[in-house]
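All remarks here apply to the structure that follows.
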Amino acid sequence: MQQSPSPLVVVNHLYKQYESDAGVVTPVLKDVNLTIHEGEFVAIMGPSGSGKSTFMNVLGCLDVQTDGDYILSGQDVRRLNNEQAAELRNRVLGFVFQGFNLLPRRTAVHNVAMPLICAGKEKVEWEPRAIELLKKVGLSERLHSMPNELSGGQQQRVAIARAMANYPHVVLADEPTGNLDSTTSNDIMNLFRELNEKEGITIIVVTHEPDIAAYAKRLIKFRDGVLVYDGTVNDAGINA
Amino acid sequence: MSMTKQAILGEAWVSLGANKMRSFLTMLGIIIGVASVVLMLSIGQGVQNKIQDSINSMGSNLFIVLSGSASTGGIRMGSGSSPTLKTSDAQEIAALNGVVAAAPALPGNAQVVFNASNWATQITGITPDYLKVREWHLLSGANINDADVRGATRVAVLGTTTVENLFPSPDEAIGSIIRIKNIPFEVIGILESKGQSLEGRDQDDAIFIPLTTAQRKLFGNQFPDSVRQIMVKAESEKVMDKLENDMRDALRAAHHLAERSEDDFNIRNLTAVAESAQTTGEAMSLLLGSIASISLLVGGIGIMNIMLVSVTERTREIGIRKAIGAHESDILLQFLLEAVMISLTGGIVGMLLGCAGSFIATWTLKVQTDVSLVSIILSFVVAAAVGIFFGYYPARKAARLKPIDALRYQ
Ligand SMILES: Nc1ncnc2c1ncn2[C@@H]1O[C@H](COP(=O)(O)OP(=O)(O)OP(=O)(O)O)[C@@H](O)[C@H]1O
Ligand SMILES: [Mg+2]
C-alpha cells in the first residue's frame, strides 16, 4: 500500500456533544483520535446512532467539535471564520450525501459547476469542466436534465461529479449508496475506487453494508461515539 | 473568491422564476404603492399649480382696499355696502412711500346686449393703472387711457369669456357697439385670459370701462366720486406691513375719523391670502402623499413576509450551497437582489400605472395633474430602498444559517 506521508486529517481527543434548548446535554463523540493521509480510501462503519454522521459533519467543517483538535490540510479548523471555512469546503472538500442533495431547477451541468460558480469562475471555465466530469461519471447523455428528471443512481453520479468539480483533496460520502439498489451501489463504489486509484483523491465513506465497505482499504468502526476499530478492511474479515 | 455578479443575478432570477405567481403578487403590493404615490403627488402638484396660477394672475405685492363698514347711526353695514372710498383716497395712497400705483375701481353687475345675444357680467369702472397693477395685458385692441377717464367716454375692454358669450366670432368684437343698461359702448380692446381667481371665480367674465363713465352714467348715485375698491401695488413684499399702517393712517385722516371710531374701510393683504392658500395646497399634497406612502409601506412588509417564507422554504438549498462553499456575502446579496428586483420592477410598473392614472385624473377630476420628474425619481429610489430595507432581514437570516442546521432542515 502506497501512502503519501503528509497527513490530510488529524483528529486529537475530539469530543462532540449536543445541547438541547432545554439544556439537556447528549455526548456523542468521545475522545476520538485519528490520522488520515492523502490518497487513502477509508470506510466508516458502526451501529445506528453511534456518531458516524456527527463525525463526518465535523470532518466536513459543517459542524464544530465541542472539544479537541481537528487539523485539516494543516489548518486548525476551529480558528477559521465563516468565510475561511467556506473556502475550505469549496477547495479542499467534496460532499456526497445519502439524499443526493442536488439543487432543484438547475441542470446537471449547472449543479456540477456549482462549486466553481461559488468560487467565482466564469462560464467559459466551469462549463467545459462540468461536461468533462459528467462524461467521466457516464452521464454525457443527460447534461441538461433537471434533477427531477434523473433516477437516484444518476442523481448520485451528478453529486459525485459535483464533489469533484473544484479538484478537492478529500471526498466525504455519508451513506452514498443508502438509497440505491445493489447493482447501482456497486457502480457508484467503482466510481469512488477509480477516483481514488487514478486521481489519488482521499475518500471517506460511511456505510452500513460490509460489501460496500470492502471497496475501501482502511476501516474505522464506531460504537457509542467511541472509535473501537481502526485497521485494514481485510483484517476485519470483510471481502468484496 | 466569491461568485461573479452575473452568477448571483442568475441565481436570483432562477429563484424568482420558480414562483412566478408569488413573485407577481408580491410585486403587486409595490406596484399599487408606487402608483398611488405617483398619482397622489401628481394630483397634489396639480392643485398647487392651480393655486399658483391664480396667485400669479392676481399680480404681486397687492393690497385691496374695500370701502365699507361705515357706521351710520350705530347701524353697521357690510363691507363694501356703502361707498366710503373716493377717487381722492386713491390719490392719497398713491402719494405714500413704497406705493407703485393705487388704482380705484367701481364694480357692479349689469346685463350686456349685442345684437340678439345678451350676457350678465361684472362691469368695472377703472383708471388705466388698474390693469397695470393687475399685470393684465391686452390680447388685441387698445386700453382705456387717461383721456377716456377725463372725458368719461363710452368705451369698453372685454374679458375673453364675455367676448365668447356675446360674439359669434371674437374677430367681430373690436369696433362693435354693445349696450350696457341700454347705454351704447364701443369695444376697444380684448384682454388676455386670466383663468380662475383663488375663490374660483372666472376672472375673464368681465368688462372694464372708464371709472368716470361708471360713476356718472352707469352706477350713478348720490355720491358721484365714490369707488368701491382701490387696488394698491407695493414696491416689494418687505414694505407691505409698514405700508398697511401708513394707508390706514392716511385714510383715517382723510375720512376725519375720530380716535375711537372704527375704520370705514377694509385693507386686505392679497399676498398674505395667497400664502395661506399655498400653505393649504401644500398641506393637501402632504396628506395625499402620506396616505399613499402607507400603501407603499404595506407593500414593503409584503416583500419581507414573502422573503421570509422563501428563506424557510429554501433552507435546505441554502445548506447545500454552503456545503459546496458559497460565501455568506453571496447568499446575502442574492436574497437582497431578489427583494430589490421585485421592488424595483414593481416600482417601474407602478410608476407607469401612476402616470396613466394621473392622465385619467386630469380628465375626470378636471385638475391638470402634474407628474414631476422628482416624483418619478423619488418613486424609483423609494422602491429600491423598500426592497433593500425589507429584504435585508430575511437575506441576513438566510446568510447566517449554520450549514449543518440548514442541511438537516426537513
Ligand atoms: N442535532 C442533534 N441534536 C441532538 N442529538 C443529536 C443531533 N444529531 C445527532 N444526535 C444524536 O447523536 C447520536 C449520533 O447521531 P449520528 O447521526 O451521528 O448517528 P449515525 O451513526 O450517523 O447513525 P445512522 O447510522 O443511523 O445514520 C444519536 O444518538 C443522535 O440522536
Ligand atoms: Mg448517519
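The values are calculated or read from the model by the stated rules, or taken from the named source; none is laboratory data. Since the structure is predicted, the reported quantities are computational estimates derived from the model, not experimental observations. Cβ: placed from backbone, ideal geometry, glycine included. Neighbour counts: every protein chain shown. Only protein heavy atoms, including side chains, enter the accessible area calculation; ligands, DNA and RNA are left aside. Shrake-Rupley method; radii C 1.70, N 1.55, O 1.52, S 1.80 Å.
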Checked A:Asn148, A:Asn196 against criteria (more than 16 Å from ligand 1 (Cβ to nearest atom), crowded, with 17+ Cβ neighbours inside 10 Å and of a type outside the set (D, E, K, R)); the one match is A:Asn196
Filtering region B:172-197 down to residues that are over 23 Å from B:Val227 (Cα atoms) and within 27 Å of the chain's Cα centre (by Cα) yields B:Ile190, B:Glu192, B:Ser193, B:Lys194, B:Gly195, B:Gln196
Here the residues within region A:157-183 that are closer than 29 Å to A:Glu38 by Cβ, away from every other protein chain (no Cβ under 14 Å) and in a helix (DSSP H, G or I) are A:Arg157
Test result for B:Trp119, farther than 30 Å from B:Asp246 by Cβ, under 32 Å from the mean Cα position of the chain (by Cα) and aromatic (Phe, Trp, Tyr): yes
Would you call A:Thr202 out of contact with any Phe, Trp or Tyr (no Cβ under 9 Å at 6 or more places or on another chain) and either within 15 Å of ligand 1 (Cβ to nearest atom) or not small (Gly, Ala, Ser) (or both)? no
Within region B:17-63, restricting to residues that are assigned to a helix (DSSP H, G or I), open to solvent by less than 30 Å² (accessible area, probe 1.4 Å) and in contact with an Asp or Glu (Cβ under 6 Å, 6 or more places away or on another chain), the one that is farthest from the other protein chains (Cβ to nearest Cβ) is B:Gly46
Of the residues in region A:57-80, those that are open to solvent by 10 Å² or more (accessible area, probe 1.4 Å), among the hydroxyl-bearing types (Ser, Thr, Tyr) and within 27 Å of A:Leu116 (Cβ to Cβ) come to A:Ser73
Filtering strands (runs of 3 or more DSSP E) wholly in region B:81-194 for at least 3 residues that are buried (at least 18 other Cβ atoms within 10 Å of the Cβ) gives B:99-114, B:117-126, B:155-158, B:183-191
Every listed condition ((1) more than 16 Å from ligand 1 (Cβ to nearest atom); (2) not in a loop (DSSP other than H, G, I, E, B)) holds for A:Lys221 save (1)
Within region A:38-48, the count of residues that are assigned to a loop (DSSP other than H, G, I, E, B) and either surrounded by fewer than 13 Cβ atoms within 10 Å (Cβ to Cβ) or more than 13 Å from ligand 2 (Cβ to nearest atom) (or both) comes to 5
Condition set part of a loop (DSSP other than H, G, I, E, B) and within 16 Å of ligand 1 (Cβ to nearest atom), scope region A:205-215, selection surrounded by the fewest Cβ atoms within 10 Å (Cβ to Cβ): answer is A:His208
Flagged in region A:13-23 as in contact (Cβ under 8 Å) with a residue 12 or more places away in the chain and exposed (fewer than 12 other Cβ atoms within 10 Å of the Cβ), in numbering order, are none
Residues of region B:282-322 being within 13 Å of chain A (Cβ to nearest Cβ) and in a helix (DSSP H, G or I), in sequence order, are B:Glu313, B:Thr315, B:Arg316, B:Glu317, B:Ile318, B:Gly319, B:Ile320, B:Arg321, B:Lys322
Looking across region A:174-192 at residues that are within 16 Å of ligand 1 (Cβ to nearest atom) and touching a residue at least 60 places away in the same chain (Cβ under 8 Å), the single one that is least open to solvent (accessible area, probe 1.4 Å) is A:Pro176
Going through region B:388-410 in order, the residues found to be part of a helix (DSSP H, G or I), open to solvent by 90 Å² or more (accessible area, probe 1.4 Å), within 11 Å of chain A (Cβ to nearest Cβ) and at pLDDT 90 or above are B:Arg400
Screening A:Thr54, A:Thr35, A:Thr26 for residues that are of a type in the set (Val, Ile, Thr), open to solvent by 50 Å² or more (accessible area, probe 1.4 Å) and within 16 Å of ligand 1 (Cβ to nearest atom) leaves only A:Thr26
- Evaluate region A:139-153: report whether one residue or more is touching a residue at least 24 places away in the same chain (Cβ under 8 Å), among the charged types (D, E, K, R) and within 16 Å of ligand 2 (Cβ to nearest atom). no
Of those in region B:239-290 that are of a type in the set (Lys, Arg) and out of contact with any Gly (no Cβ under 9 Å at 6 or more places or on another chain), the residue modelled with the lowest pLDDT is B:Arg260
The condition from (1) in contact with a helix residue (DSSP H, G or I) (Cβ under 6 Å, 6 or more places away or on another chain); (2) at pLDDT below 95 that A:Val64 misses is numbered (1)
How many residues of region A:1-55 are within 18 Å of A:Gln98 (Cβ to Cβ) and in contact with a Lys or Arg (Cβ under 9 Å, 6 or more places away or on another chain)? The answer is 10
Only one of A:Glu122, A:Glu83, A:Glu132 is among the charged types (D, E, K, R), surrounded by fewer than 23 Cβ atoms within 10 Å (Cβ to Cβ) and more than 9 Å from every other protein chain (Cβ to nearest Cβ), namely A:Glu132
